[in-house]
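Undergrad: My structure is below; once you've seen it, I'll send some questions.
Read-outs throughout are calculated quantities, based only on the coordinates presented, and are distinct from any laboratory measurement. Just so we're clear, the structure is a prediction, and the values are computed from it rather than from any experiment. Counting neighbours? That spans all protein chains shown, and the Cβs are built from the backbone with ideal geometry, glycine included.
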């Protein structure tokens, strides 16, 4: 019986193979049961059980669609915005992606893995930036590609570890602040500035020196940066106090302005509206900020106040004016929205408490040390 059973099995397999061959000769798998159907026949012992059921085809894993560089930028900026970063920081990320996108477009790149280390080296070498700014930009570049690698859009970052920031990028900037004499020269230069007529295709207007002077006074008395002062809203006024910012741990920070500056801001509000320093219809921060930066630099360059400073230095006198008479570093840091260490590093020469502390330490250290003996020498004539 065992032998006969093997022979039955052998005959059935031979018949099955012959039918498969005939089907192929008659027109392939489409004529009659195909190879997949034949492989799915179920046999139990020597008996065929029912009709063969053809199992459903196994689903094939579709390869994920590759994201374009534009898609990567959009996701990156959305994630950054979702973290609640400051508006100024988000603008830096947008500017960075715009510049990197322009570089990719110039080379015809569509997806990120087309970037090579050589591309990054060339792009980095062509950045016309100062040492500190270039160092910050390199940090953004590393951050972006690290973001992409973490999401498996790239196998490896094209930014190599030996790409370093330029010399001086990590050096703490000791701010060179305008003195009172230089501020008076700047304000006097504003009075001699010729009117400039402007047109943006929709509106026409005129720039006069008084506009620039008002803007500079606001910078000096509030410590606001140009980007914040450009969009200054008179709704911040509370009498002679100006609202600066809300603290993260609760509470508001105000600074004080004299009566004449408060009156001038209220007059500008009646003439131009709640945001008196916006010229024209553009509300784009970069446009409005660049306008005021160019106007101030025009004054500085024409009257040669100082060659080593520019418009962005005009909010620093606020710190100097407070630190010189001995206002604590903690209070100045609170007003400027910085930490105490940053204030000490940037305005070290204007912090009298630091020098007084060092002088006291030196006096105590050397008071009990041996003093030199002075011996009078007589001159011999001869």
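Undergrad: With a 10 Å Cβ neighbour count serving as the proxy for reagent exposure, in which order, fewest first, do 329, 111 appear?
TA: Details: 329 21, 111 15.
Ascending number of Cβ neighbours within 10 Å: 111, 329.
Undergrad: Okay, moving on. Among 80, 236, 357, which comes first, second and so on when ranked by fewest other beta-carbon atoms within 10 Å? Can you show the working numbers first?
TA: Working: 80 19, 236 16, 357 11.
Ordered from fewest to most neighbouring Cβ atoms within 10 Å, 80, 236, 357 come out as 357, 236, 80.
Undergrad: At 0.36 nm per residue, and after removing the present C-alpha to C-alpha distance, how many nm does the segment from residue 260 to residue 236 gain when stretched out fully? Don't jump to the answer; show the numbers that get you there.
TA: Details: separation 24, 0.36 × 24 = 8.64 nm, distance 1.65 nm.
Computed gain between residue 260 and residue 236 is 7.0 nm.
Undergrad: Under a point spin-label approximation (7 Å from Cα along Cα-to-Cβ), what is the residue 78-residue 253 distance to one decimal in nm?
TA: In this crude label model, residue 78 to residue 253 measures out at 3.4 nm.
Undergrad: I've got another one for you. Using label points projected 7 Å from each Cα along Cα→Cβ, tell me how many nm separate residue 269 and residue 163, to one decimal.
TA: In this crude label model, residue 269 to residue 163 measures out at 4.9 nm.
Undergrad: If neighbour count is taken as other Cβ atoms inside 10 Å, put 328, 157 in order from fewest to most. Kindly include the intermediate steps, with their values, before the conclusion.
TA: Details: 328 14, 157 19.
Ascending Cβ contact count within 10 Å gives the list 328, 157.
Undergrad: Using the Cα gyration tensor of the range 69-150, with a ≥ b ≥ c the square roots of its eigenvalues, what is the shape: rounded (a/c below 1.5), prolate (a/b larger than b/c) or oblate (neither)?
TA: Note, shape of the range 69-150 comes out oblate.
Undergrad: Next question. Expressed in nm to one decimal, what extension gain is obtained for the pair residue 340 and residue 125 from 0.36 nm per residue of sequence separation less their Cα-Cα distance?
TA: Contour length minus the Cα-Cα distance gives 73.9 nm.
Undergrad: Want the number for residue 290 to residue 358: 0.36 nm per residue separation, take away the alpha-carbon distance, what's left?
TA: Once the chain is fully extended between residue 290 and residue 358, it gains 20.3 nm.
Undergrad: Which shape class applies to the range 250-291: rounded if a/c is under 1.5, otherwise prolate when a/b exceeds b/c and oblate if not, where a ≥ b ≥ c are the square roots of the Cα gyration tensor eigenvalues?
TA: It is oblate, given that a/c is not under 1.5 and a/b is not larger than b/c.
Undergrad: Once both labels are modelled 7 Å past Cα along the beta-carbon direction, what's the residue 243-residue 118 spacing in nm?
TA: Reported label-point gap for residue 243 and residue 118 is 5.7 nm.
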